C-alpha cells in the first residue's frame, strides 16, 4: 500500500493530488523552486523539499533532483501531475529504478505515445516531410509535451523556418526536448478527446468524451463533458479508437486520446499519457476521483469490468492571469483575493496574497459546474464567475463569462476557430460607469472620517475630484458635500463608507463593494488605478516607445534589426519569453527604429523600454 506520495509538479495540479491523498490518509511531499518557496502547494504538503541548483524554468525538469527528494523525504510513490516530466519515460524509469511506485503508465507506453511523431506512426500516420505550397496551411508541433507550447500555424512557406526555430526554442524550454514536426493543419474542426483508464489486468475504461474546442494559442480555455452535439455513432467510434490506442501499448493508468473532428470524421492528434488539466469535468459526470483511481491502479488493484454510468453535464473554465485584449499577454503581481461562489468546484494553486510570477503558466484556477443539463451547467458556471471576487492582476474572467453566454457556444456549434472569429466582440472593456464615483466616495470616507461629517461647508465650494485609470482610459469622479449630505451629478448617494457605497440612479439602488491595495482599487468586478492629482512631466515617454508588457527574458531580436532600420507596422521586432511561452513584440507603426534598447538574454520588468519607433507620415514617404 502506498503511504507517502511526492508530486513532481507545482501549482494547481499538485494541490489537487494532495487533496485526494489527504482523503485517502496518504502523506504528501511537495518539491519547489526558489520562487515557489511560499507557493500554496509547498505550504499544504506535509513535507516540502527545495530543488537546488537549477534556474526556475528548469527546476521541475530535473528528474534526478526530484527522485533524490522523494528518497530523502521517505516517499514511496511519485505522481507526475501534468506537464513538465509527466510524459518523460526516462523519468518514469528513474523513479522505478529508485524502488519507488510510479503513479502513471509503464515507461514503454509513455515512450510509444508521448512523442507525437512515434504515436502517429503507431496509429498508421506520419508527419509531413518536405513542405511545399500545396501542403499549406501546416502546423508545427513539439514532439514532447503539450499545452500549446512549441506550436505554430504556418500559412506561407517563407514563414516556416522562423516557426520551426521558435517552436524548437519554446519546446526545449518547456519540456527539455526541442524536437518538432510538421503536420497538416485542419481548420474549423472541433477538439474532442476521450478519457481512458486502464489497470494491469487487462481492463480498459473509456470514460466518455470531452469537447475542448475553445482554445487560445492552441491551449484550452473551456472544456466540457460529454462533448455536445456528437452523433451517437461518432461518439462510440471515438471511444473505440481510444481503447484500441491504449491496448496497442499495454497502457496502465489514466490517459487521454485526442482527436480533431471535422465533417463528421475523427483525425487522431495524440495520446497524452497522463492526467489532463480538464479531468474534473469527467470526474463530475461519472462521479469518480481519477487521482484516487490512478493510485489504486498503481497499487495493482483491478477496475470493475464496466465503468460507472455518466450523469448530467459538466463544464470547466480556466481562469488565467492574462489580458485577452492585448494578445493574451500574461499578467503578474499579487493575487490579493480569489473567491468563487461555492456553487461550483474550484481547483487552484493560489490563495490570497500569493504572488503571480513570470516563470510559470498563468493559470490561476479552474472553475467547474455540474448540472443535469448543459444549459443549466452553462448558466451556473457563468453566474458563479460573474459573481467571483478577483482582486489583483487582469484576468480573462470577463471573456469566460461572455464566451459561456455566446450564442455559438450555447448552441454547441463552436470550433477551434471560435476566438479567431469572435475575440474582438468578446473583449471590449465593459467597466461600470459608476465605479470611479464609488471609488472616490469610499476613498473620501475612510475609517478615520465620520459619516460625511467635517467636510460640509456653510458656503458653496468647488466639487471634490479624483482621477482614476479604468480600462486604459482616464476618468474623473466629482462629488460635493452639502447640507443634506453628499451630492453627485445624476445619482443619489444613499450610503458611503470605506468599503461600501450605495448609489441610486433612476430609482434603482446599487451596492458597490470597494477594496483598495495601494493605488489599485477594485469596485465590485471593475479594476481601477488611482492617479495622482498632477502628472509627473518626467514620466513622459517619447512617442512610439515600446515597453515590456510583462517581466521576462529577451530571447531574440529579429534578424538584421538595428537602430536606424525602416520597419512596417506589425513587423516582429523581438521576442520575450515569459511563463514558458514566447511573446512577439511588433512595431506599432510604420517608420524608423530610432532606438533599440533590448539585447538577447536581457531580463526585463514590466514597463522596461525595449525600443522606440518614430512614425513616418505619408509626406515623409513620398
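Only the coordinates and a few stated rules stand behind these numbers; no lab work does. Fair warning: this is a prediction, and the values are worked out from it, not measured in the lab. Cβ atoms come from the backbone with ideal geometry, glycine included; neighbour counts cover every protein chain shown.
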* Asked: Taking every eigenvalue of the Cα gyration tensor of segment 123-184, multiplying by 5 and rooting it, what semi-axes result, largest first, whole Å?
  -> 19, 14, 8
* To do: Give me the angle, in degrees from 0 to 90, between the Cα long axis of helix 232-248 and the longest principal axis of the Cα atoms of the chain, rounded to the nearest 10.
  => 60 degrees
* Structure fact -> Against the 2.2 N^0.38 Å rule of thumb, the C-alpha Rg of segment 105-232 sits at a ratio of 1.17
* Structure fact -> Output ordering of 562-574, 256-268, 389-401 (per-residue mean of other Cβ within 10 Å, highest first) is 389-401, 256-268, 562-574
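Please compute, over every Cα-Cα pair in the chain, the percentage with a separation greater than 47 angstrom.
20 percent
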* Asked: Nearest 10 degrees, 0 to 90: what angle lies between the long axis of helix 63-73 and the longest principal axis of the chain (Cα atoms)?
  -> 90 degrees
* To do: Among DSSP beta bridges whose residues both lie in the chain, state the antiparallel percentage, nearest 5.
  => 90 percent
* Asked: So what's the angle, to the nearest 10 degrees on a 0 to 90 scale, between helix 374-387 and the longest Cα principal axis of the chain?
  -> 40 degrees
* Please work out how much length the chain gains when fully extended from residue 609 to residue 304, using 0.36 nm per residue of separation minus the C-alpha to C-alpha distance, in nm with one decimal. => 103.8 nm
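For segment 297-382, state the average projected area of the convex hull of the C-alpha atoms over all orientations, rounded to one decimal in nm².
Projected area, direction-averaged: 9.0 nm².
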* Asked: Given the alpha-carbon gyration tensor of segment 191-426, what are the semi-axes of its equivalent ellipsoid in whole angstrom, ordered largest first, with each equal to the square root of 5 times an eigenvalue?
  -> 30, 21, 17
* DSSP bridge orientation in segment 4-103 - percent antiparallel, rounded to nearest 5 -> 0 percent
* **Ranked packing of 7-13, 326-332, most packed first, by mean Cβ within 10 Å** => 7-13, 326-332
* To do: Using only C-alpha positions, report the orientation-averaged shadow area of the convex hull of segment 4-103, nm², one decimal.
  => 5.4 nm²
* **Tail fraction, Cα-Cα pairs, segment 263-323, threshold 14 Å, whole percent** => 72 percent
* **Peptides ranked, highest mean first, by Cβ atoms within 10 Å: ranges 598-611, 72-85** => 72-85, 598-611
* Based on the Cβ-Cβ distance from residue 158 to residue 483, what FRET efficiency comes out when R0 is 51 Å, to the nearest 0.05? -> 0.10
